[in-house]
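A.B. asks: Below you'll find the structure I mean.
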Amino acid sequence: TALENEVIIRCAGLTKEVQLIQQALSEIAAGGQRFIFYKGETEYYLALDEILFFETENGIIHVHTADDIYQTKYKLYELEEQLPGYFMRVSKSAILNVDKIYSMTKNLSACLVQFNKSHKQVYVSRYYFKPLKEKLEEMRMRR
């Protein structure tokens, strides 16, 4: 049998700091977790930390990496339930990897997000802009 990594946290009580440590550990583990994505009949096994964003168009969920596009059989709401905390719904049709954000440009109706080392971009609806800013700030404080 293969050996598995184990992390034991000893603490007097379940404080906010301990919960943040647990969350950070599970997100690190999930980043290496591989999902199956598709291009035609070919299956691709990609780590979640390679994904920039998921976007739905005409009922098909497109999976964007820095330089490629795949498809998934999951619905956006299913992905939302399974993805680690560094992924966030940012519109009715998109979930993005907050760790990969390079810049955000706000206008009256939405916010344009651009990614590191990629020409790809996604729009954040006005409804999700404030929660996204809060998420970015929370992640910045954790580092």
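A.B. asks: So which residues in the range 84-109 are assigned to a strand (DSSP E or B), open to solvent by less than 70 Å² (accessible area, probe 1.4 Å) and not β-branched (Val, Ile, Thr)? Write out each step before concluding.
C.D. replies: Step one: list which residues in the range 84-109 are assigned to a strand (DSSP E or B), which gives 87-91, 94-97, 101-106.
Next cut, open to solvent by less than 70 Å² (accessible area, probe 1.4 Å) only: 87-91, 94-97, 101, 103-104.
Within the range 84-109, 87, 88, 89, 91, 94, 96, 97, 103, 104 qualify.
A.B. asks: Would you say residue 137 is exposed (fewer than 12 other Cβ atoms within 10 Å of the Cβ) and over 26 Å from residue 36 (Cβ atoms)? First the steps, then the outcome.
C.D. replies: Details: exposed (fewer than 12 other Cβ atoms within 10 Å of the Cβ): yes; over 26 Å from residue 36 (Cβ atoms): yes.
The answer is yes for residue 137.
A.B. asks: Return the residue satisfying two criteria in turn: it lies in the range 58-70 and is among the β-branched types (Val, Ile, Thr) and in a strand (DSSP E or B), and of such residues it is surrounded by the most Cβ atoms within 10 Å (Cβ to Cβ). Step through it out loud before you land on a result.
C.D. replies: First pass over the range 58-70, keeping only residues among the β-branched types (Val, Ile, Thr): 60-61, 63, 65, 69.
The next check asks that each one be in a strand (DSSP E or B); those that pass are 60-61, 63, 69.
Working: 60: 10, 61: 20, 63: 23, 69: 12.
Selected residue: 63.
A.B. asks: Looking only at the range 71-79, decide whether some residue is part of a strand (DSSP E or B), out of contact with any helix residue (DSSP H, G or I) (no Cβ under 8 Å at 6 or more places or on another chain), modelled with pLDDT of 90 or more and closer than 29 Å to residue 126 by Cβ.
C.D. replies: Restricting attention to the range 71-79, the residues satisfying the condition of being part of a strand (DSSP E or B) are 71-72.
So of that shortlist, the ones also out of contact with any helix residue (DSSP H, G or I) (no Cβ under 8 Å at 6 or more places or on another chain) come out as 71.
From what is left, the residues that are modelled with pLDDT of 90 or more are 71.
Remaining after also requiring closer than 29 Å to residue 126 by Cβ: 71.
Checking the range 71-79: at least one residue is part of a strand (DSSP E or B), out of contact with any helix residue (DSSP H, G or I) (no Cβ under 8 Å at 6 or more places or on another chain), modelled with pLDDT of 90 or more and closer than 29 Å to residue 126 by Cβ.
The values are calculated or read from the model by the stated rules, or taken from the named source; none is laboratory data. Keep in mind it's a predicted model, so treat the numbers as computed, not measured. We place every Cβ from the backbone using ideal geometry, glycine too, and count neighbours over all the protein chains shown. Note: accessible area is taken over every heavy atom of the protein model, side chains too, but ligands, DNA and RNA are not part of it. Shrake-Rupley method; radii C 1.70, N 1.55, O 1.52, S 1.80 Å.
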